[in-house]
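> This is the structure I have questions about; it appears just below.
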Amino acid sequence: MHFYLKHKNTGGQLWLALFVLLLSACHGKQEQAPEEEATVATITPVSVDSIQCGPIADYLELNATSSFLKKNSVKSPASGYIQQVEVSLGEPVTRNKQLFLIQTKEAAALENNPMPKDSAFYFSGRIPVRSFQDGIISVLSRHAGDFVQEGDELCTISDKSSFVFLLEVPFELRRFIHEGAACDIILPDKQSLPGTITSRLPSMDAASQTESFLIKTASGIALPENLIARIRIVRDKKDKATTLPKAAILSNEVQTEFWIMKLLNDSVAIKVPVKKGIETSERTEILSPSLQATDRILISGNYGLADTAKIVINHQE
């Protein structure tokens, strides 16, 4: 009986020792976990680029509509019938080209008279109507067989030399438009033509409050009237500027502060406040601070990084 009690106490001590051992092991794991987490740092993969020094320009783009400033009406010199129409709509014509042949109503009456014709009173009464300038037939009002009164409009000739683009400029942007300045005319098919701002019209559109400028192009390409094109005008430019890709520039929510992330070494990036200059669709001028050609600037993975952030450079690009 005594031996049985001793054996029972020994088993209880054994279970107690195992419980204490397991409890101490759990406490050891809990104490080690924060230390392991503290040693893990967030490392962001990034790609980098360097500065470029060269010309940069900022452009202003506005719509313009093609138009012929000079349009001359060809009118009938007498009342009668149109016997021939020798031009078609859109056809280019030269000076002295015959456009119409008109027979006066008196001649037509004599011709249709069934009585024998007296040679003393016979006349054809056919009057040719000719072009008095080079141009394009933009309106064809009459056709063969039509009866016209003296002074009726037969057609309209648009003077090719008066072809211009009418640029509509909001009043607040007029300071960027200068007479005699060069510009680029971008057509809807992406073709670019050189143009020159020749003059300013003395009135404004009352509804849109825009001012009209005339732009001429020396291109020999025949363009239609009422074609809408984009006019690109230099607003600001520099021949030598320090620029970075736009992706390198970061800002606050209201865009009052700007900065870049520059590599301090191969594993740490620091925050550098900057002042911007001219901006294009791809690059931004950096006015300050002065950057060196050897500086490496983050262009991806930079969003949301804090100062002295841990990074790793992505060498696949």
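The values are calculated or read from the model by the stated rules, or taken from the named source; none is laboratory data. Source: prediction; values computed, not measured. Cβ: placed from backbone, ideal geometry, glycine included. Neighbour counts: every protein chain shown. These area figures cover heavy atoms from the full protein model, side chains too; ligands, DNA and RNA do not enter into them. Shrake-Rupley method; radii C 1.70, N 1.55, O 1.52, S 1.80 Å.
> Per residue, how large is the accessible surface of region 230-317? Use a 1.4 angstrom probe and give square angstrom.
62
> A 20 angstrom limit on the alpha carbon distance is what I want to check against. Which of Lys246/Lys271; Lys246/Lys310; Lys237/Lys262; Lys70/Lys216; Lys71/Lys216; Lys275/Lys310 exceed it?
Lys246/Lys310; Lys237/Lys262; Lys275/Lys310
> Here is a further query. Could you pull the accessible area for Ile56 with a 1.4 Å probe, rounded to 10 Å²?
20
> Under 16 Å Cα to Cα from Lys276, which aspartates and glutamates show up? Leave out anything in the same chain fewer than 8 places away.
List returned: Asp58, Asp236, Glu257, Glu285.
> Still on this model: Stretch Tyr303-Lys246 to full length: gain in nm at 0.36 nm per residue minus the Cα-Cα span?
Taking Tyr303 through Lys246 to full extension adds about 19.3 nm, to one decimal.
> Cβ under 12 Å from Arg174's Cβ, Arg174 left aside: what net charge do those residues give with Lys, Arg +1 and Asp, Glu -1?
-2
> Ok, one more. Can you give me the C-alpha center-to-center distance between region 210-258 and region 130-166, rounded to a whole angstrom?
38
> Which FRET efficiency value, to the nearest 0.05, is calculated for Ser288 and Ser267 with the Förster distance at 25 angstrom and r the Cβ-Cβ distance?
FRET efficiency, Ser288 to Ser267: 0.40.
> Quote the relative contact order of region 63-192 in percent (integer), defining contacts as alpha-carbon pairs under 8 Å separated by 6+ residues.
37
> Something else: Subtract the Cα-Cα distance of Ala109 and Ser161 from 0.36 nm times their separation in residues, and report this length gain in nm to one decimal.
Result: 14.5 nm gained on full extension.
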